[in-house]
Amino acid sequence: MEEIMFKDKVAEAYKQIQDSICKGLEVADGKALFEEELWEREGGGGGRTRVLQHGNVIEKGGVNFSAVYGKLPEAVKKSFKVENDEFFATGVSIVLHPENPFVPIIHMNIRYFEMDEQTRWFGGGIDLTPHYVIPTDARFFHYHLKQACDEFKAEFYPRFKALADDYFFIKHRNETRGVGGIFYDRLKPENTALSYEQLLDFSLAVGNTFLPVYSELIDRNRDKEYTDFHKEWQYLRRSRYAEFNLVYDSGTKFGLETNGRIESILMSLPPTTKWNYNAQAQPNTEEEVTTNLLRKGVDWV
């Protein structure tokens, strides 16, 4: 009974995170409202997909909640190295694609996975993908992530920042997706010395970091003027984002392999992208500055 109560508690807390972020983003955008679609998964569970489009700031974005259960496919069982096939997974997943090229793309995912008392863990991450890297914004973003991590363990930020650098890396381009953030997976008492209750608190702390940080980044950049050239660069950077999500993203793979809802899974893709042949940043430009910062190991704090 304790297991069931805990996973229900996690799911309810994640629903509240979704609610508060959606309300805050509607205020920050000032025009568009989220459309909600409730869905059920064949095999067990369902979720709430919320999408916002054609706003003052956000061209397309989604804040999704899901809580699904059922039997784990063989491919996922092998990947997770588990024998059981009954699973429960709940989480909140966010991707926002802004209109203005100087407002960054942002992604967040917090999740809990459970098979039995011995096989359960928390995972997640939050990362920033600017079309144009603005160092003061990147430092602000990382500073607040470090604060959230430091409340629980001093080792969390450097450990999870390094994992984010490795995870959000586009190998075939030899560049990071953006300026990184934090990424963690399979957190449990054995590898953190924290209880499951404390790990839930950490997961919620990451979730509650999202709205104030991104609202500030919106306010800093939403009114900056931009040209058609800036938009072309934005479309190029968005294409890199799409490449990562379709080739490397573990959440996308898990959703597809567990017969997830396709519209919710591919919600993360940008509305408009371009793949111009052999597009390169010109020397001594702000585009080259951005390109040079798309690498692992940049110390933002």
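The values are calculated or read from the model by the stated rules, or taken from the named source; none is laboratory data. Please read all numbers here as calculations on a predicted model, not as lab measurements. All Cβ positions, even for glycine, are placed from backbone atoms using ideal geometry, and neighbour counts span all protein chains on display. In case anyone asks, the SASA skips ligands and DNA or RNA and just uses the protein heavy atoms, side chains included. Shrake-Rupley method; radii C 1.70, N 1.55, O 1.52, S 1.80 Å.
Short to long, the 20 Å bins of the Cα pair-distance histogram for the chain hold 34, 59, 7, 0 percent of all pairs. Only DSSP H runs of four or more residues enter the estimate; each adds -39500 (n - 2.57), and after division by the residues of the chain the mean residue ellipticity at 222 nm equals -14000 deg cm²/dmol. With θ taken as phi - 60° and the Karplus curve 6.51 cos²θ - 1.76 cosθ + 1.60 applied, the whole-hertz 3J(HN,Hα) list for the stretch 123-132 is x, x, x, 8, 9, 10, 10, x, 6, 10 Hz, x standing for glycine and proline.
Projecting the Cα positions of 198, 255, 290 onto the charge dipole of the stretch 191-301 (unit charges on Cβ atoms of Lys, Arg, Asp and Glu, taken about the Cα centre) puts 255 furthest along the positive direction.
Which of 57, 68, 76 moves the most in a Gaussian network model of the chain with Cα springs under 10 Å? Comparing 57, 68, 76 in the GNM, the peak value goes to 76. Sorted largest first by accessible area at a 1.4 angstrom probe radius, with every protein chain in place, the residues 115, 5, 108 fall in the order 5, 115, 108. Surface composition of the chain: carbon plus sulfur atoms hold 51% of the accessible area, using a 1.4 angstrom probe and ignoring ligands, DNA and RNA. Only Lys, Arg, Asp and Glu carry charge here, each on its Cβ (+1 for the first two, -1 for the last two); on that basis the chain has a dipole of about 620 debye about its Cα centre.
How high is the FRET efficiency between residue 282 and residue 253 when r is their beta carbon distance and R₀ equals 41 Å, given to the nearest 0.05? Mind dumping the intermediate values first?
Details: r = 36 Å, r/R0 = 0.87.
Given R0 = 41 Å and the Cβ-Cβ separation, E is 0.70.
Taking a probe of 1.4 Å, how large is the accessible area per residue of the stretch 6-293, in Å²? Present the calculation step by step, with values, prior to reporting the outcome.
Numbers: 12830 Å² over 288 residues.
Accessible surface, normalised per residue, equals 45 Å².
Only one residue of 96, 10, 129 has its Cα farthest out toward the positive end of the dipole of the stretch 6-293, where Lys and Arg carry +1 and Asp and Glu -1 on Cβ, and that residue is 129.
Over the stretch 6-293, what is the relative contact order in whole percent, taking alpha-carbon pairs under 8 Å and six or more residues apart? Could you put the intermediate results ahead of the total?
On the way: 495 pairs, mean separation 48.6, N = 288.
That works out to 17 percent.
Counting only whole DSSP H helices of the chain, the ones at least 24 Å long by C-alpha along their axis and with mean Kyte-Doolittle hydropathy no lower than 0.0 are 196-221. For residue 31, which aspartates and glutamates qualify as cross-link partners when the Cα separation must be under 20 Å and same-chain residues fewer than eight apart are set aside? Once the sequence-local aspartates and glutamates are set aside, what remains near residue 31 is 19, 59, 99, 216, 219, 223, 225.
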